[in-house]
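Below is one structure; the comments refer to it alone.
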């Protein structure tokens, strides 16, 4: 098992290094997020194959993570990569960071591809026969969260597709209740895997994904750079949005203070 993790780490870090050198030529780092999503799906399937828990449980979780991976990767490909323009966050990082620090961003992505699939170790080594009542709860939470993230992504895409909305902030649908509903539902998807691990002696590792992702979304690579870019591109309109709308958990809008 240790040799598997060593080899997978070498492949993951090697691939991210190649991506880094590729973006040095293209000056576009947008594709790294797409490959990050695909990498997690592949790594998860490999860990499932190497584990010893209930076969049906391992298969179901692999399918769930695979579906999440393909949905997110395809969304990123069609919504960002295919457009050929670099994501605003990476464009800003390119201006502000040294080459070494920018390389560090790619290595950080590699670390996540390696670490996040470990979230499923408890579930993959869970011998409890699938499905239990907790499993049904987990599937319902996963399905609702995937639908919520998909809905938020489509609402934002429709808003951006209208040329008259250029320079404005999306307040349609879920975006009326949260400044980052896509991030919220992404985090909730990972919470859905916790009940699937109950009954395993490795249950505690199921907290790794939700805990790490929540920290990254709120403090590092999610909300902070996204909002910094939004303030640059939308100015006072986004400042007003910040004053009235919940940052993460969808909630009712507040009245703007004068």
Would you mind finding the one in 203, 184, 159 that is at pLDDT 95 or above, on the phi < 0 side of the Ramachandran plot and surrounded by fewer than 19 Cβ atoms within 10 Å (Cβ to Cβ)? 159
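Give me a count of the residues in segment 152-168 that are without any contact (Cβ under 8 Å) to a residue 24 or more places away in the chain and closer than 19 Å to residue 73 by Cβ.
Kept after step one, since they are without any contact (Cβ under 8 Å) to a residue 24 or more places away in the chain, are these residues of segment 152-168: 154-155, 158-166.
Pick out the ones that are also closer than 19 Å to residue 73 by Cβ and you get 154.
Adding up the residues that qualify gives 1.
Among the helices (runs of 4 or more DSSP H) contained in segment 37-146, which hold 3 or more residues that are surrounded by fewer than 17 Cβ atoms within 10 Å (Cβ to Cβ) and out of contact with any strand residue (DSSP E or B) (no Cβ under 8 Å at 6 or more places or on another chain)? I'd like the intermediate steps shown before the answer.
Details: elements: 55-79, 88-96, 99-115, 121-124.
Here the list reads 55-79, 88-96, 99-115.
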Need the failing condition index for residue 84 against (1) out of contact with any helix residue (DSSP H, G or I) (no Cβ under 9 Å at 6 or more places or on another chain); (2) touching a residue at least 24 places away in the same chain (Cβ under 8 Å); (3) under 30 Å from residue 49 (Cβ atoms), just the number. (3)
Within segment 228-239, is even one residue assigned to a loop (DSSP other than H, G, I, E, B) and in contact with a helix residue (DSSP H, G or I) (Cβ under 8 Å, 6 or more places away or on another chain)? no
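What's the total number of residues in segment 181-201 that are under 18 Å from residue 112 (Cα atoms), in a helix (DSSP H, G or I) and over 13 Å from the mean Cα position of the chain (by Cα)?
Residues in segment 181-201 being under 18 Å from residue 112 (Cα atoms), in a helix (DSSP H, G or I) and over 13 Å from the mean Cα position of the chain (by Cα): 0 in total.
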Restricting attention to segment 53-68, does a residue exist that is within 19 Å of residue 222 (Cα to Cα), under 21 Å from the mean Cα position of the chain (by Cα) and in contact (Cβ under 8 Å) with a residue 40 or more places away in the chain? yes
Of the residues in segment 240-254 that are in a helix (DSSP H, G or I) and in contact with a helix residue (DSSP H, G or I) (Cβ under 9 Å, 6 or more places away or on another chain), the one that is surrounded by the fewest Cβ atoms within 10 Å (Cβ to Cβ) is 242
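The values are calculated or read from the model by the stated rules, or taken from the named source; none is laboratory data. All values reported here derive from a predicted model rather than from experimental measurement. When we count neighbours, we look across all protein chains shown, and the Cβ atoms used for this are built from the backbone with ideal geometry, even at glycine.
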